[in-house]
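Below is one structure, written out as structure tokens, with a few remarks after it.
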Amino acid sequence: MQTEMDRKINDSDVPSRLSDETRLECRICWQVYDPAEGDEIEQIPPGTPFSKLPDYWRCPQCDSDKGMFLPIDD
């Protein structure tokens, strides 16, 4: 059985496989990170792809780390 830590480690390379326009959703609270909008709270400018978010970035709604985000199929 895969542990939560294993999932985070396996998910950590997800951003490297995403296009710069890919939107991602937090699997804890459903918050969406849209690169076209950025993140006003953390002063991330619009146009910033998920893969370019700083290491300290966390979900602005529930404080989950980036490993808890999954790509949204549009």
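The values are calculated or read from the model by the stated rules, or taken from the named source; none is laboratory data. Nothing here was measured: the structure is a model prediction, and the numbers come from that model. All Cβ positions, even for glycine, are placed from backbone atoms using ideal geometry, and neighbour counts span all protein chains on display. Accessible surface is based on the protein model in full, side chains and every heavy atom, while ligands, DNA and RNA are left aside. Shrake-Rupley method; radii C 1.70, N 1.55, O 1.52, S 1.80 Å.
The residues of the range 20-66 have, on average, 63 Å² of accessible surface per residue, using a 1.4 Å probe with all protein chains present. Between residue 19 and residue 43, the simple spin-label model (points 7 angstrom out along Cα→Cβ) gives 3.2 nm.
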